[in-house]
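Read through the structure below, which is laid out as structure tokens, and then see the notes.
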Amino acid sequence: MAAVPFFSGADVERAVSPQEAYDAVKAAFIAHARGEWTMEPKLYVTGHPAGDFRAMPAVGDGHALLKWVTSFPGNPAKGLPTVTGVVLLSDAETGEMLAVLSAAAVTALRTAAAAAIAAETLCRPGSESVAVIGCGVNGAETARMFRALGSEVSLWDLDVTRAAAVAEQLGAHVAASQAEALAADIVVTVTPGREVLFPPGSLRGGQHVSMMGADGPGKAEVAVAELQRADLFCDDWEQASHGGELAAGVVAGIVTRDRVTALGRVLAGNADGRRSANDITLFDSTGLAIQDLAIAKAAVAKAGDLDLQHLAL
């Protein structure tokens, strides 16, 4: 019977710094764009009105991963986390289980990294203001990522007390209003995706938005009409066109595959990013298993430095 190390959420955070997460996820985007890391689109197990279950496999760099994770937006009102689940990391050559990790912590880190990578890659040169909308677990981690990378950050959340607590912890500040936050040069939306934040005509020339919240069917943070005004980027077309921010545009017939560029292709030097200072750039993040693989590998590399629990499997 093998004893497999278990990384709690705190262990993942101790093992992988924001900068390490940024570097690992960026490398994973490039490896995926080059076909070196592979994954299947996430499988949604739906039918329960309160939330959904997702299965996400990936293979790369001698490792295989399966993430089993949930999203139940109403859980915080019950004192429960929105995201729960596990990440299983195996040796791709032998099938040996290498580690079990908290899915929520891995998700928060890779979400934050993807948001920052997209912003840095696609924002207008000279962009100064950064705002994060939504201060739940993933939003707070995203703000921590930007602060660790040296950016000043303003925060907004419908729960002003929560925004203030995150701001105090990170040395950020709370925006005077949602409108002020949405007017920033770089905006990251990390909400449940149940309400549109950018109505028609609201995006400013030169603005960049990393849309992290609308990661499932029926969710949207930006009005469909705004998709016509922007240069569109995504993490993965198959996921984004069916269950991401772009899905409504696909259904409406205004978003086609030739209009959307994979961020990994930009990072790999195979596609253009922003073309002019006045362009509007939108990045649709649905969350990729290869990103989870990048964080899991980075965490396991530090296993010897941590006092971890072990599971008998």
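The values are calculated or read from the model by the stated rules, or taken from the named source; none is laboratory data. If you're wondering where the values come from, they're calculated on a predicted model, not measured in any experiment. Counting neighbours? That spans all protein chains shown, and the Cβs are built from the backbone with ideal geometry, glycine included.
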Of residues in region 251-297 being in a helix (DSSP H, G or I) and at pLDDT below 95, the one nearest to the chain's Cα centre (by Cα): Val251
Which numbered condition Lys219 misses (of (1) within 20 Å of the chain's Cα centre (by Cα); (2) outside the structural domain of Ser90 (by TED's automatic domain parsing); (3) in contact (Cβ under 8 Å) with a residue 40 or more places away in the chain): (3)
Set Ile290, Ile280, Ile254: member being β-branched (Val, Ile, Thr) and closer than 26 Å to Gly60 by Cα: Ile290
Complete set of residues in region 192-212 that are touching a helix residue (DSSP H, G or I) at 6+ places or on another chain (Cβ under 8 Å), assigned to a loop (DSSP other than H, G, I, E, B) and within 23 Å of Glu120 (Cα to Cα): Leu197, Ser202, Leu203, Met212
Any hit, region 215-227, residues being surrounded by fewer than 21 Cβ atoms within 10 Å (Cβ to Cβ), touching a Phe, Trp or Tyr at 6+ places or on another chain (Cβ under 8 Å) and of a type in the set (A, V, I, L, M): yes
Only one of Ala112, Ala148, Ala105, Ala99 that is surrounded by fewer than 19 Cβ atoms within 10 Å (Cβ to Cβ), in contact with a helix residue (DSSP H, G or I) (Cβ under 7 Å, 6 or more places away or on another chain) and within 27 Å of Ile30 (Cβ to Cβ): Ala148
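Which one of Asp231, Asp215 is touching a strand residue (DSSP E or B) at 6+ places or on another chain (Cβ under 6 Å) and of a type in the set (D, E, K, R)?
Going through Asp231, Asp215 in turn, the sole match is Asp231.
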Residue under evaluation Ser8, criteria (1) farther than 23 Å from Ala148 by Cβ; (2) among the small types (Gly, Ala, Ser); (3) surrounded by fewer than 19 Cβ atoms within 10 Å (Cβ to Cβ); (4) more than 17 Å from the chain's Cα centre (by Cα), criterion not met: (1)
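Out of region 127-151, which residues are in a loop (DSSP other than H, G, I, E, B), in contact (Cβ under 8 Å) with a residue 60 or more places away in the chain and of a type outside the set (A, V, I, L, M, F, W, C)?
Ser127, Gly134, Gly136, listed by residue number.
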Answer from Asp91, Asp61, Asp23, Asp52 - the residue that is acidic (Asp, Glu), assigned by TED's automatic domain parsing to the domain that holds Ile295 and under 16 Å from the mean Cα position of the chain (by Cα): Asp23
Region 11-47, subset aliphatic (A, V, I, L, M) and free of Cβ contacts under 8 Å to residues at least 40 places away in the same chain, residue nearest to His242 (Cα to Cα): Leu43
Residue pairs meeting the criteria (Cβ under 7 Å; at least 6 apart or on separate chains; first in the same structural domain as Gly264 (by TED's automatic domain parsing) and buried (at least 22 other Cβ atoms within 10 Å of the Cβ), in region 238-251; second of a type in the set (Lys, Arg) and not in a helix (DSSP H, G or I)): Gln239/Lys42
Subset of region 182-191 [under 16 Å from Arg124 (Cα atoms) and either modelled with pLDDT under 95 or in a strand (DSSP E or B) (or both)]: Ile186, Val187, Val188
Residues of region 76-111 satisfying the condition of being within 30 Å of Ile280 (Cβ to Cβ) and either in contact with a strand residue (DSSP E or B) (Cβ under 9 Å, 6 or more places away or on another chain) or assigned to a loop (DSSP other than H, G, I, E, B) (or both): Thr82, Val83, Thr107
